[in-house]
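Q: For reference, the structure I am asking about is given below.
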Amino acid sequence: MSNTFGHLLRVTTFGESHGPAIGCVIDGCPPGIAVAPEDFRADLARRATGRSRWTSQRHEQDAVEVLSGVYEGRTTGTPLALLIRNTDQRPKDYGDIAGTFRPGHADYAYWQKYGIRDPRGGGRASARETTMRVAAAVIARKWLAEQHGIRVRGHLAQLGALVPGAFDWDAVEGNPFSWPDAGMVGEVETYVNALRKAGDSVGARVDVVAEGVPPGWGEPVYGKLDGELAAALMSINAVKGVEIGDGFAAVAQRGSEHRDEITPEGFLSNHAGGILGGISSGQAIRASIALKPASSILVPGRSVDLAGAPVEVVTKGRHDPCVGIRAVPIAEAMVALVLMDHALRHRAQCGDVGMVEPRIPPAAP
């Protein structure tokens, strides 16, 4: 299994949903970054289950233990190892499905590949693994902000049939859905409550914006910034689509409309999402992900058991009616980790190039 991503900044995660612990090792982390256990709390709380009645009611402490790579509160440049112990496992919830394959889940594919699988919450396929991505990205977000003034933030852009009618970044932090329209929060609550009562689920769209990214990051062919962002975002559980900039909306656009014209005052638009030819343009990086409806639901579904006999599957336990509600910090994390990796790669190859004039101000959002 491939459990490591990144080039100069390499992150390896390990652990299963209902094992004793999950963790990660961050290799290539620059020295001198201030790190304390409390730095991880805010972002891990945003991703965590059990913080509202609209997500899975699994209650994990998500307390980060820093095992190596930090001395007197600062990174040393050696591998940074982080560990989170699982404290609220309920493997008995999965006893009835150990001999069957949940439709829409990774069970069948894992069985075909390895001949064995961990049925407890999906094992390695569980979104519990993404906790360590968010933890690792706390370091990346801190470094990007301190070194380059970069801010990475996201929001829920669609939940099922619901689309925000207005947009306000302040509203995103003010509700448990990361919803940018404060006036619609009640409607979102009603919608998700109805899903919970029906034992069903729905998909979502999450948008992420990285502001302050300088021009020049990325590679022109196989290490394209947008290509590696797409791969990182697609690696998140339940993601079935990734868009950079206008994404699939570009299909209906004309070249005269889609191209981002440039004036001495800056770009007039940002249909490209801040990336041209695989290299950052200095505009805001814009990426979006589409998440499928969770397959662990109470609505009965047809499947087969290990012998190939037909069965009816009902997934009991604690599950999300919409995984997108907790996906915002995960998507932010993957963007931040890719950006830091590219920043280090750019510094290694082109750190002495200097800024090539003219530098176009990023006028368009």
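Q: What translational D, rounded to a whole number of µm²/s, comes out for region 81-207 from Stokes-Einstein when the hydrodynamic radius is the Kirkwood one over Cα pairs, at 20 °C and 1.002 mPa s? Numbers along the way, then the final one.
A: Numbers: Rh = 18.0 Å.
Translational diffusion coefficient: 119 µm²/s.
Q: Write down the Å³ per residue value for the convex hull defined by the alpha carbon atoms of region 212-365.
A: Per-residue hull volume (Cα only) is 168 Å³.
Q: Per residue of region 163-169, what does 6.51 cos²θ - 1.76 cosθ + 1.60 with θ = phi - 60° give for ³J(HN,Hα)? Whole Hz please, x for Gly and Pro, Karplus curve as stated.
A: In residue order, the calculated couplings are 10, x, x, 8, 9, 8, 4 Hz.
Q: Could you give me the ³J(HN,Hα) list for region 294-307, computed from phi with Karplus coefficients 6.51, -1.76, 1.60 and θ = phi - 60°, whole Hz, x at Gly and Pro?
A: With the stated coefficients, region 294-307 comes to 4, 8, 7, 9, 8, 6, x, x, 7, 7, 9, 8, 5, 8 Hz.
Q: Here is a follow-up. What are the ³J(HN,Hα) couplings of region 142-153, residue after residue, when phi is run through the Karplus curve with 6.51, -1.76, 1.60 and θ = phi - 60°? Round to Hz, x for glycine and proline.
A: 4, 5, 4, 5, 6, 8, 10, x, 8, 10, 10, 8
Q: Could you work out the relative contact order of the chain, using alpha carbon pairs under 8 angstrom and six or more residues apart, expressed as a whole percent?
A: Working: 761 pairs, mean separation 78.2, N = 365.
This gives 21 percent for the chain.
Q: Right, next: Which is the longest run of the chain containing none of the chymotrypsin sites (Phe, Trp or Tyr not before Pro) found in DSSP loop states (not H, G, I, E, B) with at most 15 other C-beta atoms within 10 Å?
A: In the chain, the maximal stretch lacking such sites is 1-166.
Q: Restricting things to alpha carbons, find the Rg to Rh ratio for the chain using the Kirkwood radius for Rh.
A: Value, to two decimals: 0.98.
Q: Quick one: order Leu195, Leu144 by neighbouring beta-carbon count within 10 Å, fewest to most. All intermediate terms of the calculation are to be shown ahead of the outcome.
A: Details: Leu195 20, Leu144 23.
The fewest-first ordering by Cβ neighbours comes to Leu195, Leu144.
Q: Same structure, new question: What are the residues whose amide H is under 5 Å from the amide H of Ser235, where those residues sit 5 or more places off or on another chain and H is modelled from the backbone?
A: Distant-sequence amide H within range of Ser235: zero hits.
Read the figures in this text as sums done on the coordinates, not as results from a lab. This structure is a prediction, so every number in the text was calculated from the model and none was measured. Methodologically, a virtual Cβ is constructed for each residue, glycine included, from the backbone with ideal geometry; neighbour enumeration extends over all protein chains shown.
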